[in-house]
Amino acid sequence: MSEVGPGVTAFQVGDEIFGEAVPRAMRAVADPSRPSLSTGSLAEYAVFEADTPLIAHRPAGLSAPDAAAVATAGLTALSVIGSAEVKEGESVLVVGATGGVGTAVLPLLAAAGARVIATGTPADADVLRELGASEVIGYAASEYPADIDVALNLTLTEDRLPALARTLRPGGRLITIIFPPPAPEILGRDDVELRFLLDLGGEFGGMREVGALVADGRLPVTISGRYTLDQGPQACVDLVRTHTLGKLVVTM
C-alpha cells in the first residue's frame, strides 16, 4: 500500500494487503455499507476502499501470487460453506469443481466431513481427490448421482439447474452462485430448497479469515497459469477459451 486516505486507521503506508476488488460497474450488487469498490485490480496501481472485510493484511506466509489467486475464490468458498450448512456425513455434489471456487471449497467440505462428488476431466481427477473429493465424475447430467443432500452449482446456467435439482433427495439444498438469481419454480420440484449466494459483505467471513485458512494449511491454493501484466489480455482469452484448474494469476 503506497497511500492511505484520511480517516483510514487499519492500514499504514507500506502494508502488504490482499483482497477482493468490486468494479464500480457492479455497485448495484455490492454490499451497501462497505462495498469495497475499486478502480480495478488488473493494474500496476489501484485504489480501494479500506473499510471493508474484503481487504486485509497479507499474512507473512502467503505469497502475493497465492494471495491474488485465493482472495475471491476463498471468500466465495467461505460463503458457500456457511450457506450450505453441510453436516458430517452428508453427500455434496460440486458442479464446477475445477474452477477457482471449486478448488477452494473442496478441502473445506472435506474438513466438514462431507462425502464430496466433484465434476472434472480424467486429467483433473488426481488433483481433485487430493483437494478432498471422494469421487470424480464427468460433466454430463447423465453421470450425476441420486439422493444427494447438497448440490453446489458453481458454473451452470439457469436452464441446466432442473437436471441438477433431480439429483437431490427430498429436503435437499441446491446452492448456486451464478447470476442472475434463479426462480425456485424453474427446478420443477417443491420439495427441495434453492439458495442463491452472492456474499459481497463478508457475512460468512472476510479476507482475514481467508488468509488465516491459507496460512495454517486448511485452504490450499491452486494455480494453473501465471502471466506477466503485459500478458493480461492473453490471460483473459485463456480463461474463456481453455480448460483451467484453479486460478490464472497475473503478476507484476
Selection within the range 35-72 - touching a Leu at 6+ places or on another chain (Cβ under 9 Å), under 23 Å from Thr155 (Cα atoms) and of a type in the set (Gly, Ala, Ser) = Ala69, Ala71
Checked the range 172-199 for anything assigned to a loop (DSSP other than H, G, I, E, B) and of a type in the set (A, V, I, L, M); matches are Ile177, Ile178, Ala183, Val192, Leu197, Leu198
Test set (1) in a loop (DSSP other than H, G, I, E, B); (2) touching a strand residue (DSSP E or B) at 6+ places or on another chain (Cβ under 9 Å) - Ala71 fails condition number | (1)
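What is the residue count in the range 209-252 for residues that are open to solvent by 80 Å² or more (accessible area, probe 1.4 Å), assigned to a helix (DSSP H, G or I) and among the aliphatic types (A, V, I, L, M)? Before the answer, list the steps.
Step one: of the range 209-252, the residues open to solvent by 80 Å² or more (accessible area, probe 1.4 Å) are 209, 216, 218, 226, 230-231, 233-234, 239-241, 243, 252.
Going one step further and asking which of them are assigned to a helix (DSSP H, G or I), we end up with 209, 230-231, 233-234, 239-241.
If we keep only those that are among the aliphatic types (A, V, I, L, M) too, we end up with 239-240.
Count: 2.
Condition check ((1) modelled with pLDDT of 95 or more; (2) within 20 Å of Thr76 (Cβ to Cβ); (3) surrounded by 13 or more Cβ atoms within 10 Å (Cβ to Cβ); (4) not polar (S, T, N, Q)) across all residues:
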residue: Gly113; (1), (2), (3), (4): yes, no, no, yes
residue: Ala125; (1), (2), (3), (4): yes, no, yes, yes
residue: Gly132; (1), (2), (3), (4): yes, yes, yes, yes
residue: Val136; (1), (2), (3), (4): yes, no, yes, yes
residue: Ala151; (1), (2), (3), (4): yes, yes, yes, yes
All-but-one check, Ser41 against (1) within 22 Å of Thr244 (Cα to Cα); (2) at pLDDT 90 or above; (3) of a type in the set (Gly, Ala, Ser), failing number (2)
All but one of (1) closer than 30 Å to Ala146 by Cβ; (2) under 18 Å from the mean Cα position of the chain (by Cα); (3) open to solvent by 40 Å² or more (accessible area, probe 1.4 Å) hold for Gly89; which doesn't?
-> (2)
Is it the case that Ala97 is of a type outside the set (Asp, Glu), under 14 Å from the mean Cα position of the chain (by Cα) and modelled with pLDDT of 90 or more?
-> yes
The range 123-151: number of residues that are out of contact with any strand residue (DSSP E or B) (no Cβ under 8 Å at 6 or more places or on another chain), more than 19 Å from Ala165 (Cα to Cα) and either free of Cβ contacts under 8 Å to residues at least 12 places away in the same chain or of a type in the set (Ser, Thr, Tyr) (or both) | 3
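Take the residues of the range 18-47 that are assigned to a loop (DSSP other than H, G, I, E, B) and of a type in the set (A, V, I, L, M): which is surrounded by the most Cβ atoms within 10 Å (Cβ to Cβ)?
Filtering the range 18-47 for residues assigned to a loop (DSSP other than H, G, I, E, B) gives 20-21, 30-36, 39-47.
Among the residues that remain, those that are also of a type in the set (A, V, I, L, M) are: 21, 30, 42-43, 46-47.
On the way: Ala21: 23, Ala30: 20, Leu42: 13, Ala43: 14, Ala46: 11, Val47: 12.
Ranking the qualifying residues of the range 18-47, first place goes to Ala21.
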For Glu193, work out the one condition from (1) open to solvent by less than 30 Å² (accessible area, probe 1.4 Å); (2) farther than 20 Å from Ala112 by Cα; (3) modelled with pLDDT of 95 or more; (4) not polar (S, T, N, Q) it doesn't fulfil.
-> (1)
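Please state which one of Thr157, Thr121, Thr176 is more than 21 Å from Glu90 (Cα to Cα) and surrounded by 13 or more Cβ atoms within 10 Å (Cβ to Cβ). Spell out the reasoning first.
Numbers: Thr157 fails: surrounded by 13 or more Cβ atoms within 10 Å (Cβ to Cβ); Thr176 fails: more than 21 Å from Glu90 (Cα to Cα).
Answer to the selection: Thr121.
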Within the range 102-119, work out how many residues are in contact (Cβ under 8 Å) with a residue 40 or more places away in the chain and more than 16 Å from the chain's Cα centre (by Cα).
-> 1
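Being within 15 Å of Glu16 (Cα to Cα) and assigned to a loop (DSSP other than H, G, I, E, B) is the filter here, so list the residues in the range 50-68 that pass it. Full working, then the answer.
So the first thing to find is which residues in the range 50-68 are within 15 Å of Glu16 (Cα to Cα), and the list is 50, 54-68.
Those that are within 15 Å of Glu16 (Cα to Cα) and assigned to a loop (DSSP other than H, G, I, E, B): Ala50, Leu54, Arg58, Pro59, Ala60, Gly61, Leu62, Ser63.
The values are calculated or read from the model by the stated rules, or taken from the named source; none is laboratory data. Please read these numbers as outputs of a predicted model, since none were measured by experiment. Positions of Cβ are generated from backbone atoms using ideal geometry, with glycine treated the same way; all protein chains shown enter the neighbour counts. Accessible surface is based on the protein model in full, side chains and every heavy atom, while ligands, DNA and RNA are left aside. Shrake-Rupley method; radii C 1.70, N 1.55, O 1.52, S 1.80 Å.
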